[in-house]
Amino acid sequence: MKRFLWLCVIVFLFLICVGCGDTFRPVIIPNPPKFPDPRAAHSVLTISDNGNLPGSAMVFDVTGDSDVSEADCQEGSPCLGVAPVHAVQQTAAQVLVVNQALPGGTGDSLSKLNFSFTTISSVTTISLPAGSAPNFVAVAPSDTTAYVTLPNLSVPSVGVVSTQTNSLVTTIPVGNNPVAIAETPDRSKLYVANKGDNSISNFNTIDLSPRNPGGPITLGAPPIWLAARADSQQVFVLESNGTLAVLDTTSTGGPDILTETTISVPGARSFLYDGHLNRLYIPGGSQLAVVDAAQSVPQLLKSVAIPQIPGVPVVNASAVAVAALPDGSRAYVASVASAAQPSQVSISAVQGDGVTATYTYTLTGGHDVTAGMTIAVSGIGTPAGFDGTFTIEGASGSSCDQQPCTFRISNATLADQTSVAGSGSSTIDNLFPQVTVINTSGNTIKTTVGIPGFPDATIPGSPFFVQVCTVTGTRFRFNMTAGGDSSRVYLASCDGGNVSFIDTSNDTYFQRLPAPVSGRPPVNGTQPPPQNQVFMIAGP
């Protein structure tokens, strides 16, 4: 008996020793986010138009606040096509960009950007039918099939593209002027907004069969934007009059049931679906509509009024773009005003060399002056010739973050460096953006961030006029997105050719970076202006 007890003790001790080792230690298997979930993104990608030359893609490192990679055909970098218009992230290392070419051109294509971490390693061109004018690309996460609108084919269609074979597989006839596509996250359903005939085409992706036997779904106004809910059970539709509609897509094979809600945001051109909070953010006019997307019929949570642009005179701002932090804490809505909105400066010194005059100033009201803005200078007086209305050729820093703050203008007045008292104010044809920060708990305004202004590029006859920035050019004159770690929010502008950075730790503007230089001739200087940014996404 004693021997048996001793044997039991020995076995017990042996099991304890074995259990204390690494052999049986439980392991927690991480569940990483599914690409292209922006929480996994390390970078932000912008695409820019370069007139009749190939456009460019530029990548920002979220943690380093720097331009880390470009595809702009310069110094051996890979090339995009002419007139890029839209982009989507396909995988953790791949982005698709639609190139519309020029009217009558033969360069309609998809550019497949291949990444090595945050660096564009190569670009593969996938040809599309000449003259088809593609304007939108959609793909479900990590899918190998992409869908592209081809509105200018003899029969308007959506192209089905294999990104494995890099070829157009087939086309699907849709309604007139398709402008947006949504594929449900489960990859089973496809929806196309046909702006030309007020309809939605819907298909089962397994065999491309129509989900509604009676044909496309008719709406009350032209559809201009789509998004699928994270559970693939609803598709949200924005109509051109601002009405929000919803499709119930719960039926496996169809049909889908349309409901037009009472929610309306006049002036809205797109919206953001936030899958983390199951919300829609719809910017338009003087408001941002915050919508609960979890209901069977979306419900308006709050209409947030956009603050006016500060300054004299007061100018109303129009909401143009929105972003939401992946951590769910805040939303950011960009608004902009274009008017004779002055930026007041106090001039402390002026120096002329017979060619230009350089003014040292401090900003006392409005937004910071930047190259291209016009400014009225008065009160300098001595020496004569430093007063007048001028176009700024260059300005130091961004929002005066480099001291001293100076701006340079063409002025042939000769003078030595002189300390003076004076004032200056920017005048007409300038854009003044701002970003309003909204706490998602309660949907209240936390603060508003001023962004440095720039010339309005949509005014014909102006030396800064750029056709692609007008309503008849890009659909995305302003773009916003958030960094994957919620530390940054970005605002891209077609007119300004730059991206402004907002630090979300204190919700302040701190810098901006320009797009690669364009092929257009210089305006009031020797440096060509930047290209015009027409779309931006978080990732890869």
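The values are calculated or read from the model by the stated rules, or taken from the named source; none is laboratory data. Remember, predicted model here, so these are calculated numbers, not experimental data. Note that we place each Cβ from the backbone using ideal geometry, even for glycine, and neighbour counts take in every protein chain shown. What goes into the accessible areas is simple: the full protein's heavy atoms, side chains included, and nothing from ligands, DNA or RNA. Shrake-Rupley method; radii C 1.70, N 1.55, O 1.52, S 1.80 Å.
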Exercise for the section: Considering only residues that are open to solvent by 50 Å² or more (accessible area, probe 1.4 Å) and part of a loop (DSSP other than H, G, I, E, B), look in the range 460-469 and name the one that is nearest to PHE390 (Cα to Cα). Expected result: PRO463
Problem - the range 34-50 residues that are among the aromatic types (Phe, Trp, Tyr), paired with ones that are outside any loop (DSSP other than H, G, I, E, B) and modelled with pLDDT of 65 or more (beta carbon under 9 Å, 6 or more apart) - result: PHE35/GLN89; PHE35/GLN90; PHE35/THR91
Completion exercise
Apart from one, (1) open to solvent by 20 Å² or more (accessible area, probe 1.4 Å); (2) over 21 Å from VAL468 (Cβ atoms); (3) touching a strand residue (DSSP E or B) at 6+ places or on another chain (Cβ under 6 Å) all hold for LYS195; the odd one out is (2)
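Restricting to the range 514-534, what's the tally of residues that are part of a strand (DSSP E or B) and either open to solvent by less than 20 Å² (accessible area, probe 1.4 Å) or closer than 19 Å to ASN430 by Cα (or both)? Before the answer, list the steps.
Just the residues of the range 514-534 that are part of a strand (DSSP E or B), to begin with: 514, 517, 530, 532-534.
Then keep just the ones that are either open to solvent by less than 20 Å² (accessible area, probe 1.4 Å) or closer than 19 Å to ASN430 by Cα (or both); that gives 514, 530, 532-534.
Residues flagged as part of a strand (DSSP E or B) and either open to solvent by less than 20 Å² (accessible area, probe 1.4 Å) or closer than 19 Å to ASN430 by Cα (or both) within the range 514-534 amount to 5.
Within the range 307-314, is even one residue out of contact with any strand residue (DSSP E or B) (no Cβ under 9 Å at 6 or more places or on another chain) and aliphatic (A, V, I, L, M)?
Taking the range 307-314 as the starting set, the residues that turn out to be out of contact with any strand residue (DSSP E or B) (no Cβ under 9 Å at 6 or more places or on another chain) are 314.
Retained after the next criterion (residues that are aliphatic (A, V, I, L, M)): 314.
Yes: the range 307-314 contains one or more residues that are out of contact with any strand residue (DSSP E or B) (no Cβ under 9 Å at 6 or more places or on another chain) and aliphatic (A, V, I, L, M).
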Practice task
Determine which member of the set THR118, THR91, THR184 is within 22 Å of the chain's Cα centre (by Cα) and open to solvent by 20 Å² or more (accessible area, probe 1.4 Å).
Solution key: THR91
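In contact (Cβ under 8 Å) with a residue 12 or more places away in the chain, buried (at least 23 other Cβ atoms within 10 Å of the Cβ) and farther than 20 Å from LEU96 by Cα: is that true of SER487 in this structure? Steps first, please.
Working: in contact (Cβ under 8 Å) with a residue 12 or more places away in the chain: yes; buried (at least 23 other Cβ atoms within 10 Å of the Cβ): no; farther than 20 Å from LEU96 by Cα: yes.
So SER487 does not fit the description; no.
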Practice task
Scan the range 124-171 for residues that are open to solvent by 30 Å² or more (accessible area, probe 1.4 Å), among the aliphatic types (A, V, I, L, M) and under 17 Å from VAL82 (Cα atoms) and jot them down.
Solution key: ALA130
Problem - Criterion violated by SER77 - all others in (1) at pLDDT 90 or above; (2) under 13 Å from PRO516 (Cα atoms) satisfied - result: (1)
Exercise for the section: Sort through PRO516, PRO540, PRO529 and tell me the only one that's under 15 Å from CYS469 (Cβ atoms) and touching a residue at least 12 places away in the same chain (Cβ under 8 Å). Expected result: PRO529
Problem - Conditions (1) more than 20 Å from the chain's Cα centre (by Cα); (2) modelled with pLDDT of 95 or more; (3) of a type outside the set (Val, Ile, Thr): number failed by ASN316 - result: (2)
Completion exercise
Checked the range 88-116 for anything charged (D, E, K, R) and part of a strand (DSSP E or B); matches are LYS112
Fill in the blank from the handout: Among THR474, THR481, the single one that is part of a strand (DSSP E or B) and either modelled with pLDDT of 95 or more or open to solvent by less than 20 Å² (accessible area, probe 1.4 Å) (or both) is THR481
Practice task
Examine the range 198-209 for a residue that is out of contact with any strand residue (DSSP E or B) (no Cβ under 7 Å at 6 or more places or on another chain), more than 23 Å from ILE257 (Cα to Cα) and surrounded by fewer than 22 Cβ atoms within 10 Å (Cβ to Cβ), and state whether such a residue exists.
Solution key: no
Exercise for the section: All but one of (1) under 22 Å from ASP186 (Cα atoms); (2) open to solvent by 20 Å² or more (accessible area, probe 1.4 Å); (3) in a loop (DSSP other than H, G, I, E, B) hold for LEU258, so report the exception by its number. Expected result: (3)
Handout entry: Test set (1) more than 24 Å from ASP292 (Cα to Cα); (2) at pLDDT 95 or above - TRP225 fails condition number
Key = (1)
Handout entry: Residue in the range 486-495 that is within 14 Å of the chain's Cα centre (by Cα) and outside any strand (DSSP E or B) present
Key = yes
Handout entry: Selection status of SER296, among the polar types (S, T, N, Q), open to solvent by 40 Å² or more (accessible area, probe 1.4 Å) and assigned to a strand (DSSP E or B)
Key = no
